[in-house]
Amino acid sequence: MNQNDRQPAETQDKNGPATGKVTLRIWRGDENGGEFKDYTLDAQEGEVVLDVVHRVQSEHAGDLSVRWNCKAGKCGSCSAEINGVPKLMCMTRMSDFSSGEPITITPMRTFPIIRDLVTDVSFNYEIAKKVPPFTPGPKEPDGTYRMAQRDIDRIQEFHKCIECFLCQNVCHVIRDHEENKANYAGPRFFVRFAALEMHPLNTNNSLGLLKEEMGIGYCNITKCCTEVCPEQIHITDNAIIPLKERVVTANYDPLAWLVTKIRRKTGRNTSST
Amino acid sequence: MTDTTSTPEHLTSPTLEESAATEQKPAKGPKMSHTDLPFVTHNFDVLVIGAGGAGLRAAIEAKLQGVSIALLSKSLLGKAHTVMAEGGIAASLGNVSDQDNWQVHFRDTMRGGKMLNNWKMAQLHAQEAPDRVLELEEWGALFDRTADGRILQRDFGGHRYARLAHVGDRTGLEMIRTLQQKAVSLGIEVFAETIVVKLLLDSNRAICGAVAYERSVGDFIVFTAKSILLATGGIGRSWQITSNSWESTGGGHALALWAGADMIDMECVQFHPTGMVWPPSVRGLLVTEGVRGDGGILKNSLGKRFMFDYIPPMFASETADSEEEADRWYTDHAKARRTPDLLPRDEVARAINTEVKSGRGSPHGGVFLDIASRRSPEYIKRRLPSMYHQFKELAGVDITKDPMEVGPTCHYMMGGVRVDADTAASSVPGLYAAGEVAGGMHGANRLGGNSLSDLVVFGRRAGLHAAEYAKSYQGDPKPDPGEIAKAIAECTKPLSKDHTAENAENPYKLQDDLRKTMQSLVGIIRTEHELTQALEEIEKLKERLDNIAVQGDKRYNPGWHLALDLRSMLAVCQCVTLGALNRKESRGGHTRDDYPTLDDELGKINFVIRQKGTELEITPEPKPQMPPELQKLFEEQH
Amino acid sequence: MDITDTKDTPTAIKPTPVQLGKPRGGPAQSTLRKDYWWVTPTITVGVLTAFVIYATWAGFQNGNYYYAPYISPFYSPCIASNCVYQQLPIIGTWWKLSPALLILVFPLGYRLTCYYYRKAYYRAFWWAPPACAVEDAHSKYSGETRWPLLLQNSHRWFFYMGLVLNFFLTIDAVRAFDFPSGWGMGLGSLVLSVNAILLWLYSFSCHACRHLCGGSVNKFSTAPLRYRVWKILTPLNQRHMLFAWVSLIFVALSDLYVRLVASGAIRDPRFF
C-alpha cells in the first residue's frame, strides 16, 4: 500500500454520489475476545470511513467504541486498520473502495485492546517520558535565538507528526514481537529523536540512549512506518537512517573518531559529527 | 503530592439507598446498579481541567510553583482542539514590521472585539504575548524564519501589521506538541480521557474538588483540590456547521455555571467566514485565514471581489478601496492600505452570508476563495501544506489549480467565565479559567491569531494564581460525600435505563435535534422571534434529556459519554440564546436582524448570566472603564 | 554534536514499565489485507535470484570477459596476474581462480549492506515482515542489534570501496572508446559508459553518502558548501531504490554484452 496509490477523488465526485449500500464489517469485542459484526447502510456522497462509523453508532450501535476528535487528519485519534491496512478513518474516503465487498475495520493490532476499535496506546506515552527534553544553548545578546530557515526545514518535517501511532502500530518489531516493547521506542520516537539530534540549538546528545535503550538497532528499515504515515513524513529515509548513520559514526567508525580528534586539536568548530 | 488510591475516611463510598431506584427497571442485559461504582480518590493542590494550549501552559506554570497538580484531558494527551489552530499566534514581536508594538496590537484587538473586550485582559495579552512566543521557542517550537533568522510573522485579518508567528499552517500542532513535551519533562501527572462531571464546593461555596469519570473503563474518580482551573475550550459542537470537534461541548462553561460562577458575553459566538462547504461530511471544517493572509481573495459567482462592498466605516480609513491598491498592499504595506478580504472575521462572515443569500453563491452554497490564480503552486504548497492536503484528500480539489468553496462555520466562543484580568480567578473562590472557556478577552469578536496567544498568556497567569491560591489555602479540602453520591447517581442514570423502552431517548438523536435548533435559530443572523422559539425548543430538549437511555455498559461507551455531554451542551446553549435575546443590537459575532446596528449604550455593558437554583438569571452590568491613557490610542488618527 | 561526548541527558521522570502480554484486538489472522501485497516481494525474489545466479555463473567463468577495448564490469579492476587484460596485477600468479572473485566481494558487500536492499531482502527473502501489516514469519526477532547483522553498520566502508570501483569502471568506460584502431565508438562504449553513470548515481544516492556529505551537520547555515551538496544529494537519495535496481540490472547486462561480444556470439556495432 502506498499513499500515492490512492485513486484521485475527482472521479467519484464528478460522477455524483456513490449509490447503493455499503457494508462495514467492524470488529467488536474487548480483552476477552470479540468477533466481526456487519452493518449495512446507505452510501452518501463524499463520505469518509469515519462518517459511516458514526452513522453505525447513531443508528445501530450506540455503544460502538471509537476514538476520534478533529475528523480532519490533524489530531491523529482515529487510527484503525481498514481492510487490514493501518489508516486514519477520517482520511479514508469510501469512494476508495470498490462497491459490494464489505469493508473490514479492526482496531490497531499492536496495542492492547480496550473495546471495539479503541486500543490502549499508553505504551507510546511511556516512551515519551524517556525522551530527554530539548536543551537549547545560550541566547543571542538580544535575548532571542537565531536560526535560518534552511537550518530547520529538515526538522519541521518531523514536527508534522500528529502522533496517530500508525507507524508504531505497523512496525513489525513490536507488532509481531510483543517482548520487544520493553526495548524499543518505535518509529514515532525515532522521528522525535531525529528532531532533537538535528536541532541547530539543541545541546544534548541522545545517540547512546538510542543505541542502548531505544533499540534503534532493532529497526530493519523495512519502511512500513513511512508507507502508513498520514503526514507523509519520510520516517525511514530522513529520520531513522540518518540516526543510524550517526550511531555508526559514534560507535563503529574509527575514521570519524579520528577526524573528530584532529579537528579538536586544530581547534575547528565541530558543529558536525 | 498526597495521592491516594484508597478512599480516605471522609470520603467513604456512599451507600445509595435513596438512589432513584424507582427509575430503574430490570433491563434485558446485565445492567449495573449504582453500588457497583465505587470510586478512587486522588488528592492534589491544583486540578487543571483540559489539556489544550491553556491547560498545558497553566499546568506547567503551576508545577513550576511547586504545588502538586493533576492535568485532566478529555481526549488523549496532545489531541486537544488546539491542534486545529492553523494560521499562527499573534504577538507584536515586530520582526516583519518594526512599527508594531503592544499598543497597536491592543488597539487592533479592542477594535476587532467591537470594544466589548475587558480592556485589562486585552492589554495584558498584547503586552505579554511576545514573551510567551519566545518562551515557546525556548521550549522547542520551530517557527518559520525571517531571512535574518528571527521568527517570521504573517498578515491576518484585523491585524494592522504582519504579526502572526507561525509554522506553515499547523501552528496549533507545533504549540501543543511543544507544551506537551515540556509538561511531560516536568513530570506532570496526566489523567487522559478523564472527564469532569461536577465541581465540588465546600460549605463556603469555595472549590474543594471534582467528580470525574474515566472514559476507558467508566469508573468514577473523585479529586480533592484546593483550586481548580478550567481550560476546557469551546462550545461549537452544538451547531451543525462547525469547525469544532466533538470535544467542544462547553463542558467547562457548564461546570462553572453550575458552580455558581458569573458567565459573560455568552451571546458572542464567532462564525469563521471560511469553512469548507463541500462535501457534506466535512462541511464546516476550517479553512485558515492564512489563505487570505498569503494572497487568497474572496469572489462571488459573478467573479466579483465582493468584499469591497462591505467595508464598515470603522475600518474604512485603513482599508483599500480598489483592487489595485489591495493587491499592492501584499508587497508594500507602507504605501497601500490592506485588502478588505482581511477585515475582521465577523465582517467577512456576514458579507459571505449576504452574498449567498442574494443568490451570488457558489454551487454548494458558499463563495469562492481563490489563491490558485494569484500565487504559484510551489508557494501555495509551501505556505499552506495542510490546506492543500485537506482539499485534495477530502474534497478532491487541487487548490493550486481551482478555487475553494467556503462559507461561515461556527468557530469560537468569545463569552465564558467572567475572570479577573490579572489572576484569571472566577467569582467562585478557588475556581480559575483560561483560554476559550474564559470570557472578556475577545469582546464581541476575536481576531485570528489572538486565540493561541490568549492560551499561553492567560494559561500562565491562571496557573500561577491557582497555585498561589492553593499555597495559601488553610486546611484540607473536604468534599461532601452526599454531593459526590448525587453526582455519580445522576451520571449513571442513562446506563440504568432500558434503551429499548418506548419513551427512551437516543442521545445521538437528541444531539442532532439540538444542533439543528442552534443552527437554524441561533446562527449567524438572529431575530427575537427565532431566539424565543429556540429557548422553548431547548426546554423541550431538556425534558427529553431526562429520558435518555443508552445501549451497552460503562466501558468506553460513546453513547453514554454523549448523554453526559448533552447536559452541558443544553446548559450552554440556553445561556447563548438567553444572552442573544437580551443584547438588542448587532455587535461583532452577535448579529440581530431586528437590531442591525451598534448601540453605544449596550456597548458599555456585559450581560452576566448566573444560575439561581434551576433558573438562569441575566443582568446587564457595566463593563470596566478603560483608563484615559489607553483611551487615547483610539482617538489618534491612523 | 561531538562523538567523544556521548553522555546522555538524564530524563526527569520515571516511566512506568511496559506491561507485556495484554490481549490485543482483532481476529487472529496473519493479515486482513485484500490487495496484492505479495506481488512486490515476489518480483524482488525473482530479480535478485536471477541476478545472483547469473553473477555467480559469470564470476566463475574466468573467460570471455575482455574484448578490446571492453572489459566486463564484473572483472574490473582486474587485480590478479592471471588476467587476460593486465590492469593492476597486485595479486601474484598463485591466484588460479577467476579474477572476478577478488573484486565481486566489494559490490556484493556494498549492496548487501545497502539501506534499500536491506528493506528488499528482509521483506522478500526473510519475511520480516513480508509486507506491511502482514505477520512476520519469525517467532523471535532481534533486528540488527546482534552479530552477524551488526555488520550492516559497515555500509559506509563498502560505500568508500564502491567509489574506488566506480573510479576504475569510469576509466574502463573512457578506454572503451580507445580501440586498437584508434578512438571510436561502438555499442559497447555506450554500454560501459551508461553502466558507469548508473553506478555513480547509485553511489551518490546512497544514504551513507548523504549523511557523510552533509546530513551530519546540525546547523546548515554554518556549513554552506556541505549544505549545497546535501541539497543536491537529497533528491537523488529519494530515488535510491530506482538507481539500485537499474544499476543492478544494467551491470549484469553490461557483463553479458561483453561476454557475448568476446565469445563471438554477436558483433559489436561500431558507430565510427
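The values are calculated or read from the model by the stated rules, or taken from the named source; none is laboratory data. Bear in mind the structure is a predicted one, so any value in this text is a computation, not a measurement. As a convention, Cβ positions derive from the backbone with ideal geometry for all residues, glycine included, and neighbour counts pool all protein chains shown. Just so you know, the surface numbers come from the protein's heavy atoms only, side chains and all, with ligands and any DNA or RNA stripped out. Shrake-Rupley method; radii C 1.70, N 1.55, O 1.52, S 1.80 Å.
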Legend entry - Residue match in region C:180-200 (condition: under 30 Å from residue B:149 (Cα atoms), open to solvent by 20 Å² or more (accessible area, probe 1.4 Å) and within 26 Å of the chain's Cα centre (by Cα)): no
Inset, instruction - Write out, first by first residue and then by second, each pair whose Cβ atoms fall under 6 Å of each other, whose residues are 6+ apart or on separate chains, and whose first residue, in region A:52-63, is more than 7 Å from chain B (Cβ to nearest Cβ) while the second is surrounded by fewer than 18 Cβ atoms within 10 Å (Cβ to Cβ) and of a type outside the set (Lys, Arg). - result: A:55/A:41
Inset, instruction - Grab the helices (runs of 4 or more DSSP H) fully contained in region C:205-262, keeping just those with 3 or more residues being open to solvent by 50 Å² or more (accessible area, probe 1.4 Å), farther than 24 Å from residue A:148 by Cα and of a type in the set (A, V, I, L, M, F, W, C). - result: C:240-262
Legend entry - region B:181-196 - residue that is open to solvent by 10 Å² or more (accessible area, probe 1.4 Å) and assigned to a helix (DSSP H, G or I) and, of those, nearest to the other protein chains (Cβ to nearest Cβ): B:185
Inset, instruction - Of all residues in region B:68-87, count the ones that are open to solvent by 10 Å² or more (accessible area, probe 1.4 Å) and either without any contact (Cβ under 8 Å) to a residue 40 or more places away in the chain or away from chain A (no Cβ under 14 Å) (or both). - result: 1
Inset, instruction - Within region B:342-361, identify whether any single residue is crowded, with 24+ Cβ neighbours inside 10 Å and at positive phi, and answer yes or no. - result: no
Inset, instruction - Take the residues in region C:91-149 that are in contact with a strand residue (DSSP E or B) (Cβ under 9 Å, 6 or more places away or on another chain) and modelled with pLDDT of 95 or more, then tell me which one is nearest to the other protein chains (Cβ to nearest Cβ). - result: C:132
Legend entry - Members of region A:239-263 that are more than 29 Å from residue A:226 (Cα to Cα) and either more than 7 Å from every other protein chain (Cβ to nearest Cβ) or open to solvent by 70 Å² or more (accessible area, probe 1.4 Å) (or both): A:254, A:255, A:257, A:258, A:259, A:261, A:262, A:263
Inset, instruction - Those residues that are in a helix (DSSP H, G or I) and more than 19 Å from residue B:417 (Cβ to Cβ), I need them from region B:454-477; list them, please. - result: B:471
Inset, instruction - Could you tell me whether residue B:248 is touching an Asp or Glu at 6+ places or on another chain (Cβ under 9 Å), among the hydroxyl-bearing types (Ser, Thr, Tyr) and not assigned by TED's automatic domain parsing to the domain that holds residue B:353? - result: yes
Legend entry - Residue selected from region B:227-247 under the condition in contact with a Gly (Cβ under 6 Å, 6 or more places away or on another chain) and within 12 Å of another protein chain (Cβ to nearest Cβ), by the criterion surrounded by the most Cβ atoms within 10 Å (Cβ to Cβ): B:233
Inset, instruction - Output the helices (runs of 4 or more DSSP H) that fall wholly within region A:99-203 and possess 2 or more residues being in contact with a Ser or Thr (Cβ under 7 Å, 6 or more places away or on another chain) and more than 7 Å from chain C (Cβ to nearest Cβ), or say none. - result: A:166-170, A:172-175, A:187-197
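This table checks each residue for (1) open to solvent by less than 50 Å² (accessible area, probe 1.4 Å); (2) of a type outside the set (Gly, Ala, Ser).
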position: B:276; (1), (2): yes, yes
position: B:287; (1), (2): yes, yes
position: B:295; (1), (2): yes, no
position: B:306; (1), (2): yes, yes
position: B:330; (1), (2): yes, yes
position: B:334; (1), (2): no, no
position: B:337; (1), (2): no, yes
Inset, instruction - Examine region A:223-234 for a residue that is buried (at least 24 other Cβ atoms within 10 Å of the Cβ), among the basic types (Lys, Arg) and over 16 Å from residue A:193 (Cβ atoms), and state whether such a residue exists. - result: yes
